[in-house]
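Data block below; observations after.
The values are calculated or read from the model by the stated rules, or taken from the named source; none is laboratory data. These numbers were taken from a predicted model, which means no experiment stands behind them. In this analysis, Cβ positions are derived from the backbone assuming ideal geometry, glycine residues included, and neighbour counts consider all displayed protein chains.
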Amino acid sequence: MYHTILFDLDGTLTASGEGITKSVQYALARMGRPEPDLKKLELFIGPPLTEQFMQYAGYDYATAKRATGYFRERYETVGLFENKPFPGVDRLLQGLRDSGRTLCVASSKPEKFVRIILQHFGLDGYFAEMVGAHMDETGSHKDEIIGEALRRLGLTDHRAGTIMVGDKSHDIVGARQQGLPAIGVTYGYGTPAELEAAHPLQIVGSLTELRDFFAADKA
């Protein structure tokens, strides 16, 4: 049985796309590069933000950090709360915890924001640990986040029975880099093709399928 489950946050537990994409849109406008199509900005959901600005806009590191600062101007006051848990997330987490599993959030988002969001929606009580990046985005690569989660849970040398759940390829790849299997969920912001290319243990299309996976996973 998988006794420990690590969850990504954005696109796995909560539908956070509106707040993130609108805050990226705000930042790009401040940088003189307006983008009216929020759909194009969904690639910012999940990965480390400064690196994504570098890739998307071709910025150097210093310029991308400035864009990240503009992003946070809006995100910290408005964007955080343009967000909501996927319907049924609380029931899923309650059932998993009642079955004796240890749950943890492992997100590339700064840990300060991870905690604010989970507390805002009353989900923080389900998790033994809530792990995110530092505010300066150090330690934000998914394998680093997962490694820190394992350390806090006392599982660095006992990884068997731990699994990652996420909606983007970097969730799957980061788990593999830490020697863990992963489940890809397609109800978030990653595409089925992206997830398949990352070779997860399994891909599920809904919270119901995710719940069924763990219901079938018995000692």
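Only strands (runs of 3 or more DSSP E) whose full extent lies in the range 132-219 are considered here, and none of them has at least 2 residues that are over 20 Å from LEU96 (Cβ atoms). Please work out if PHE113 is touching a residue at least 24 places away in the same chain (Cβ under 8 Å), buried (at least 16 other Cβ atoms within 10 Å of the Cβ), touching a strand residue (DSSP E or B) at 6+ places or on another chain (Cβ under 8 Å) and assigned to a helix (DSSP H, G or I). It is true that PHE113 is touching a residue at least 24 places away in the same chain (Cβ under 8 Å), buried (at least 16 other Cβ atoms within 10 Å of the Cβ), touching a strand residue (DSSP E or B) at 6+ places or on another chain (Cβ under 8 Å) and assigned to a helix (DSSP H, G or I). Every condition in (1) among the small types (Gly, Ala, Ser); (2) outside any helix (DSSP H, G or I); (3) surrounded by fewer than 19 Cβ atoms within 10 Å (Cβ to Cβ) is met by SER107 except one, and the failing one is (3).
Checked across the range 116-126, the condition of being among the hydroxyl-bearing types (Ser, Thr, Tyr) and surrounded by 14 or more Cβ atoms within 10 Å (Cβ to Cβ) holds for at least one residue.
To keep it simple, each residue is scored yes or no on (1) more than 28 Å from LEU210 (Cα to Cα); (2) surrounded by fewer than 22 Cβ atoms within 10 Å (Cβ to Cβ); (3) modelled with pLDDT of 95 or more.
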| residue | (1), (2), (3) |
| --- | --- |
| THR12 | no, no, yes |
| GLY19 | no, no, yes |
| LEU28 | yes, yes, yes |
| GLY32 | yes, yes, yes |
| LYS39 | no, yes, no |
| GLU51 | yes, yes, no |
| TYR59 | yes, yes, yes |
